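Below: one structure, written as structure tokens.
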Amino acid sequence: MLRATKQLILSALASFPPTRRAIEAIAYREMRNRPPRAYTERKLLPAVVGAVPVRVLYVGCASYTLRYLRYLTAHHVDCWTIDLDPMKAKWGVKGRHIIGDITQADTLFAPAHFDWVIMTGILGWGVDSVPAVELSISSVANIIRPGGTLLLGWNRRSSHAIPDPMELTITGERFRLIERIPFESPPFYPVYDHLRRA
Ligand SMILES: C[S@@+](CC[C@H](N)C(=O)[O-])C[C@H]1O[C@@H](n2cnc3c(N)ncnc32)[C@H](O)[C@@H]1O
């Protein structure tokens, strides 16, 4: 209840550009030293930029992810965003944001449209059941070109934990695991899997 009230207040404040910028800066400062975030900034995003020209879909937006998107677009990455929650559109890429469900991504984007999809904090944060996880993986596979990359972040612990997605048949059918990066950071103990589209 308290959490929902806090979210509502933050959303209302974020409608005004000056408070939006302040919220963004505070949220970003709070998150930036967490190991998965440091990895995202120092390794992942530079790797995406190194592959320019490249078209990327960033799944799930928050105040603290806006800097990632600015970094990508400033480096000529054709960056798109998607989030189910209409309130998150303000943290997406202007003119390139879709309010939609990632489990239906292949009805929203053309086949093989993206070189990269970055999907962290989605499985276990809205896409929770095994059928929904399977649907999102198969749907995302359809919109990544063969040889393209899915960066899939998921959590091993806490109420947001999900079973290892690599154990699902659909993941092995559509992707090859290139690298697994387990972070030993509480409370979520996230894993970032680099998957190559078969
Ligand atoms: C914890 S935030 C993660 C934000 C960001 N991707 C990150 O790594 O920090 C989860 C976001 O996923 C969005 N989300 C949940 N289920 C979704 C779905 N089925 N399709 C698209 N977005 C979804 C939520 O609205 C929320 O904004």
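No lab work stands behind these numbers, since they all come straight from the coordinates. The model shown is predicted, which means the values in this text are computed figures rather than measured ones. Virtual Cβ from ideal backbone geometry, glycine too; neighbours counted across all protein chains shown.
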key: Rel. contact order, % - alpha carbon contacts under 8 angstrom, at least six apart, the chain   = 16 percent
message = I need the phi-derived Karplus couplings for the range 42-59: 6.51 cos²θ - 1.76 cosθ + 1.60, θ = phi - 60°, integer Hz, Gly and Pro marked x.
response = 8, 10, 5, 5, x, 5, 5, 4, x, 9, 4, x, 8, 10, 10, 10, 9, 9
inquiry  = Cut-off 20 Å, label point 7 angstrom out along Cα-to-Cβ of Asp128: give me the residues of the range 80-101 whose amide nitrogen falls inside.
reply    = 83-88, 100-101
task = For the chain, set up a Gaussian network in which alpha carbons nearer than 10 Å are linked by springs, and say which option among Arg176, Arg21, Arg32 fluctuates the most.
result = Arg21
key: Per-residue ³J(HN,Hα) for the range 181-198, Karplus 6.51 cos²θ - 1.76 cosθ + 1.60, θ = phi - 60°, Hz, x for Gly and Pro   = 10, x, 9, 8, 9, x, x, 9, 6, x, 10, 10, 9, 8, 10, 9, 5, 5
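Give me the net charge for the shell around Tyr68: Cβ to Cβ below 13 angstrom, other residues only, Lys and Arg +1, Asp and Glu -1. Could the numbers behind the result be given before it?
Numbers: positive: Arg32, Arg37, Arg42, Lys43, Arg67, Arg70; negative: Glu24, Glu41.
Local charge sum for Tyr68: +4.
Relative to the present Cα-Cα distance, how much length would full extension add between Ser185 and Met166 at 0.36 nm per residue of separation? Walk me through the numbers on the way to the answer.
Working: separation 19, 0.36 × 19 = 6.84 nm, distance 2.07 nm.
So the chain would gain 4.8 nm between Ser185 and Met166.
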ask   = Mind checking the dipole of the range 33-197: about its Cα centre, +1 per Lys or Arg Cβ, -1 per Asp or Glu Cβ, Debye to the nearest 20?
value = 620 debye
ask   = For the range 73-102, list residues with backbone N below 20 Å from a point placed 7 Å from the Cα of Ala12 toward its Cβ?
value = 86-91
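Per the helix-only calculation at 222 nm, which mean residue ellipticity applies to the chain, given -39500 (n - 2.57) for every DSSP H run of n ≥ 4 and division by its residues, nearest 500 deg cm²/dmol?
Working: 8 runs with 71 residues, N = 198.
Helix-only estimate at 222 nm: -10000 deg cm²/dmol.
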Most mobile listed residue (Pro17, Pro146, Pro86) in the chain, GNM with C-alpha springs under 10 Å = Pro17
Point-to-point label distance, Ile99-His75, nm (Cα→Cβ direction, 7 Å offset) = 3.1 nm
note = If the chain between Arg21 and Asn33 were fully extended at 0.36 nm per residue, the gain over the current Cα-Cα distance would be 2.4 nm
key: Net +/- balance of residues flanking Leu45 in space, Cβ distance below 12 Å, scoring K and R +1, D and E -1   = +4
remark   = Out of Gly121, Gly95, Ala74 - ranked by how far each Cα lies towards the positive end of the dipole of the chain, with unit charges on the beta-carbon of charged residues - the top one is Ala74
Extended-chain gain in nm, criterion 0.36 nm per residue less alpha-carbon gap, Ala51 and Arg196 = 50.7 nm
task = Quick one: among Ile23, Ile137, Ile98, which has the greatest mean-square fluctuation in a GNM of the chain with alpha-carbon springs under 10 angstrom?
result = Ile23
inquiry  = Per residue of the range 160-169, what does 6.51 cos²θ - 1.76 cosθ + 1.60 with θ = phi - 60° give for ³J(HN,Hα)? Whole Hz please, x for Gly and Pro, Karplus curve as stated.
reply    = 9, 6, 9, x, 3, x, 5, 7, 7, 4
